[in-house]
Structures are given as structure tokens and as C-alpha cells.
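Engineer: The structure is given below, and queries will be raised subsequently.
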Amino acid sequence: MDLSTYQERAKETDNTAANYDNDVARDVVVALLGIAGELGTLATTYKKYLRDGASYSLHEDHIAEELGDLLWYCAILASKFGLSLEDIARQNLEKVSGRWGPHEAQQHAALDDGYEERFPRKFSIEFSEKDVGGRLKAVMAMDGQPLGDPLTDNADDADDYRFHDAFHLAFLVVLGWSPVFRKLMGLKRRSVKSVDENEDGGRAIVIEEGIAALVFDYGVDHGNLATVPAIDYELIRTLKSMTRRLEVKIATGASWQVAVAVGWKLFRDLTKYRGGTANCDLDAGTILFEPPGELK
């Protein structure tokens, strides 16, 4: 049975509004409470299985029954909101696939293809830490030339945020996107005025800086992501929402997951060794870290 047919059949047996004189608000609450109640019953059923083990011979039948009741209430609630259960199921699979599906390094090549101003496919960036007038600053260099300005933490409490370009670099290598590095490398796409203004301009740069700050704060609150196997979906949803008007909107949740992990791995290495070299391969979507020469 397909979900559309099931939903229509379920509506024929819906008596949840019978006593409420078509009060839609109370009608919806009844369906919501039905879902909550069935979830409790499902949990109780599994509790009995854990407690009684093999002697609970009807375990699978009861689980199937409770899941069926949950499906009925979901179908009814979808109908009350004018939604299609089939559409909901399809959208959910798309979301889950994007979140947990495979990340392909090549899937974002289109962001860079066809333009005169193309990122190099392989390059190395050297990070170092220097004392400038009694203040520690992070410095980047590419091909022996300075890249960007020396950065401090811009905070009262030292937190090594001066190395936050690690996150921008990860966005570039994993997602094929970084307005910040386009500006630093002199690769803004001036050959197409609208792209230069809308995708590589000040607004896009501000959004990326905001994302880097958000990813940094999230990581700090989660042990610098040293042992966290996956980031929360709420963070991924926020990142995708922040970039929904930019070309990187095509990036999947799985790709953002990789980008955040790669950025934090580089950040941890840079702060551990107080610098080092990031060897970047855009085609492979990887960053290989080398400690400073004397520490190799």
C-alpha cells in the first residue's frame, strides 16, 4: 500500500474531532496527544521485552501494532495540516540522505568551473605565530608571500581564534567555497560582475565570517570536536539556512559535516604546534597538515 492511499483510508476512520464542534485547534491537540501516548506505549512494550526477554513471545506483534498506531496518528495529523504523508516521507528521505549520505569531493566543482578566476587545485599555506609588539598574531603565507593580515584573537580571553582561517580553508577545500579566500588570493570573479558582487562580495564574506565564528564556538563547547563523531543537525540546519541564498546552498549536510570536522582538525593541529603547513588538494577535498620544520 502506498502512503497516499493509506492516508486517505486513515482519514475515513478519523473520529478525533467528533466531540469538538469542528474546533480545529483542539482537534490538532488530540492528534498530537495521540502520538505522545502511542510513543509511551511503544516504550513500555520495549521495556517489557527487556525485562521478560524470550518469555515475551508477542514482542514483535506488539511493536508492529504500536508502530501502526503511530503511523495512523501521523497520517491524521498530516491531513489536519493539509500535508501529504507521501511528500513528508520523500522530503525526510532527502534530508536524511543529505545528512548521512556519502560526501563526494567532486560534487561542488561546479562552483569553480567555467570562470577565469579559478582556485588552484593544489596549494600549500604556511601558518606561523609571531609576537608583534607584545601581542601574538597568526600569519599566513602562500608561495613565500604574505596572505592576508596578521590576526589576533580579538577577544579579552586568549582562545587562539587568530588561527580561525583554518575553518575558511576547510570551507574552500571541502565545499569549493570561500569568499574570504577568494579575496585573500585575488581570485574574486570580476569577469562576471553579478557573481563578483553577489557571490564574492562583502555580504558573502560577512556570512562566511559569521559561519566560522559559529563553528568555532560550537567546537569549543564540544571539546574542540576531538572525540565527537558527528555534529548536531541543528548546527547543520543553521549553516544551510545562512547560505541558502549563495551558490554553496547545493552543499549537503554530509559535506558540511566533513567541512566542520576538517576545519577543526586543522585548527587543533595549528594550535598544538603553534603553526604549520596545510597542504590542500581541492580535487580530493583533503588538507594534509605538516608541523613546523623543527617539530617534524
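Engineer: Out of all the residues in the stretch 162-174, is one or more buried (at least 16 other Cβ atoms within 10 Å of the Cβ) and in contact with an Asp or Glu (Cβ under 6 Å, 6 or more places away or on another chain)?
Structural biologist: Yes; the residues of the stretch 162-174 include at least one that is buried (at least 16 other Cβ atoms within 10 Å of the Cβ) and in contact with an Asp or Glu (Cβ under 6 Å, 6 or more places away or on another chain).
Engineer: Under 8 Å between Cβ atoms, which residue pairs at least 6 apart in sequence (or on different chains) link something in the stretch 39-55 that is without any contact (Cβ under 8 Å) to a residue 24 or more places away in the chain with a partner that is hydroxyl-bearing (Ser, Thr, Tyr) and surrounded by 12 or more Cβ atoms within 10 Å (Cβ to Cβ)?
Structural biologist: Close Cβ pairs satisfying both conditions: Lys48/Tyr56; Tyr49/Tyr56.
Engineer: Now a separate question. Condition first: among the hydrophobic types (A, V, I, L, M, F, W, C) and over 16 Å from Leu270 (Cβ atoms). Can you find one or more residues in the stretch 158-169 that meet it?
Structural biologist: No, the conditions are met nowhere in the stretch 158-169.
Engineer: Can I ask one more? Look through Tyr161, Tyr115 and report the one residue that is among the aromatic types (Phe, Trp, Tyr), over 21 Å from Asn279 (Cβ atoms) and modelled with pLDDT of 95 or more.
Structural biologist: The conditions single out Tyr161.
Engineer: Shifting gears a bit: Would a scan of the stretch 151-159 turn up a residue that is in the same structural domain as Lys188 (by TED's automatic domain parsing) and either in a helix (DSSP H, G or I) or among the hydroxyl-bearing types (Ser, Thr, Tyr) (or both)?
Structural biologist: There is at least one residue in the stretch 151-159 that is in the same structural domain as Lys188 (by TED's automatic domain parsing) and either in a helix (DSSP H, G or I) or among the hydroxyl-bearing types (Ser, Thr, Tyr) (or both).
Engineer: Do any helices (runs of 4 or more DSSP H) entirely within the stretch 199-296 hold 2 or more residues that are buried (at least 16 other Cβ atoms within 10 Å of the Cβ), touching a residue at least 60 places away in the same chain (Cβ under 8 Å) and outside the structural domain of Leu93 (by TED's automatic domain parsing), and if so, which?
Structural biologist: Helices (runs of 4 or more DSSP H) meeting the threshold: 253-273.
Engineer: Being on the phi > 0 side of the Ramachandran plot and either out of contact with any strand residue (DSSP E or B) (no Cβ under 8 Å at 6 or more places or on another chain) or not β-branched (Val, Ile, Thr) (or both) is true for just one of Asn224, Asn279, Asn198. Which residue is that?
Structural biologist: Only one candidate qualifies: Asn224.
Engineer: Go through (1) free of Cβ contacts under 8 Å to residues at least 24 places away in the same chain; (2) out of contact with any helix residue (DSSP H, G or I) (no Cβ under 7 Å at 6 or more places or on another chain); (3) not β-branched (Val, Ile, Thr) for Arg162 and report which single condition fails.
Structural biologist: Result: Arg162 passes all but (1).
Engineer: Considering only residues of the stretch 6-44 that are surrounded by 11 or more Cβ atoms within 10 Å (Cβ to Cβ) and of a type in the set (S, T, N, Q), which is modelled with the lowest pLDDT?
Structural biologist: Here the residue is Thr16.
Engineer: Take Leu172 and tell me if it is over 18 Å from the mean Cα position of the chain (by Cα), at pLDDT 95 or above and over 23 Å from Val96 (Cα atoms).
Structural biologist: Answer is no for this residue.
The values are calculated or read from the model by the stated rules, or taken from the named source; none is laboratory data. This one's a predicted model, so the numbers in the text were calculated from it and none came from an experiment. Glycine also receives a Cβ, built like all others from the backbone with ideal geometry; neighbour counts cover every protein chain displayed.
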